[in-house]
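Comments concern the structure below.
The values are calculated or read from the model by the stated rules, or taken from the named source; none is laboratory data. Computed from a predicted structure; not experimentally measured. FYI the Cβ positions are ideal-geometry reconstructions off the backbone, even for glycines, and counts take in every protein chain you see.
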Amino acid sequence: MQFEWNPDLYDGKHDFVAEYGGELVTLLSPQKDETILDLGCGTGDLTRKLSASCKRVIGIDSSVEMIRAARSKYPEISFIHASAETCDLDVRFDAVFSSSVLHWITEPELVIRNINRHLKTGGRFVAEFGGKGCVSKIITTLTAILDTRKVGYPAIEHSLYYPSVSEYTRLLEGNGFEVSLAMLFDRPTELKGGTDGLKNFVVMFFSWLFDNASEQDMSHCLALAEKELAEDMLRNGTWFADYRRIRTLAIKTDDC
């Protein structure tokens, strides 16, 4: 999925992405002598956290906007504009880290094979991203509303990748990895912005659904979504998204 990211909205209203990623840094357990790749670094907050615990970290992201923001915030760190599927760095890393990114990439095997190529044998791949059923209530509601208004929208199944644990584990094991941890869990997630939380979330992450809709039509659709989802997801004036996450730790055993 490629679209224009908004770094200011990302940092201002969706910094929970980096906050939750702190748990993943603990799982990675970076070491002082290690070189680490942050795959899908966004605006660089987790890359900065990694840099405090390892010898060297490189952050890559496919968004020009995000890389520009990361370089501005942390000029002492190396950030590269590149895609997870095709990047070709002249470094073999001790670990590859990825937080809240891989559900945006609909060719997961290409990503896994490229991660394998960038890891030393015995290197770690630690990732967390959207799993099967992630934000399903939000997606189902939005697409049903767009269906009734006949404005057209990209097919969800061709735009996002929310796998099951077994599906993702098979891909890892088929491409030179031994899986040490793989889990799927619910994470109801508070959306900042009070009563505007759901709207901010959709504008940040799902505005591409409305490429064929006018601003007025988009506003109307969002109002309908808020009305339909409020009973399940609005609690005391705060919205909570129905996140489900996959978390995995895999070790490279062979080249693929």
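If you go through the range 201-217 and keep only what is assigned to a helix (DSSP H, G or I) and farther than 20 Å from M233 by Cα, you end up with W208, L209, F210, E215, Q216, D217.
The single residue among I112, I139, I77 that is of a type in the set (V, I, T), within 24 Å of S51 (Cβ to Cβ) and out of contact with any Asp or Glu (no Cβ under 8 Å at 6 or more places or on another chain) turns out to be I77.
Residues in the range 207-240 that are modelled with pLDDT under 85 and not small (G, A, S): W208, L209, F210, D211, N212. Condition check: in contact with a strand residue (DSSP E or B) (Cβ under 9 Å, 6 or more places away or on another chain), within 20 Å of P108 (Cα to Cα) and at pLDDT 95 or above. Does L89 satisfy that? It is true that L89 is in contact with a strand residue (DSSP E or B) (Cβ under 9 Å, 6 or more places away or on another chain), within 20 Å of P108 (Cα to Cα) and at pLDDT 95 or above.
Name the residues in the range 20-52 that are of a type outside the set (A, V, I, L, M), more than 14 Å from the chain's Cα centre (by Cα) and not in a helix (DSSP H, G or I), would you? S29, P30, Q31, K32, D33, E34, T35, listed by residue number.
Scanning the range 237-256 for residues that are among the hydroxyl-bearing types (S, T, Y) and in a strand (DSSP E or B), we see that the one that is farthest from L184 (Cα to Cα) is T238.
Yes/no per residue for (1) farther than 16 Å from V111 by Cα; (2) of a type in the set (S, T, Y); (3) touching a residue at least 40 places away in the same chain (Cβ under 8 Å); (4) touching a helix residue (DSSP H, G or I) at 6+ places or on another chain (Cβ under 7 Å):
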| position | (1), (2), (3), (4) |
| --- | --- |
| Q31 | yes, no, yes, no |
| G44 | yes, no, no, yes |
| R71 | yes, no, no, no |
| Y74 | yes, yes, no, yes |
| I77 | yes, no, no, yes |
| I80 | yes, no, no, no |
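Scanning the range 126-149 finds one or more residues that are among the acidic types (D, E) and surrounded by fewer than 22 Cβ atoms within 10 Å (Cβ to Cβ). When the residues of the range 213-229 are filtered to those that are touching a residue at least 12 places away in the same chain (Cβ under 8 Å) and touching a helix residue (DSSP H, G or I) at 6+ places or on another chain (Cβ under 6 Å), the one that is nearest to R247 (Cα to Cα) is L229.
Tallying residues that are in a helix (DSSP H, G or I), modelled with pLDDT under 95 and among the aliphatic types (A, V, I, L, M) within the range 103-161 yields 7.
Looking only at residues in the range 69-107 that are within 20 Å of the chain's Cα centre (by Cα) and aromatic (F, W, Y), the one that is nearest to F125 (Cα to Cα) is F97. Kindly establish whether D94 is outside any strand (DSSP E or B) and not β-branched (V, I, T). Against the criterion (outside any strand (DSSP E or B) and not β-branched (V, I, T)), D94 does not qualify.
Of all residues being of a type in the set (G, A, S) and out of contact with any helix residue (DSSP H, G or I) (no Cβ under 7 Å at 6 or more places or on another chain) in the range 189-212, which is surrounded by the most Cβ atoms within 10 Å (Cβ to Cβ)? Just the residue, please. Selected residue: G197.
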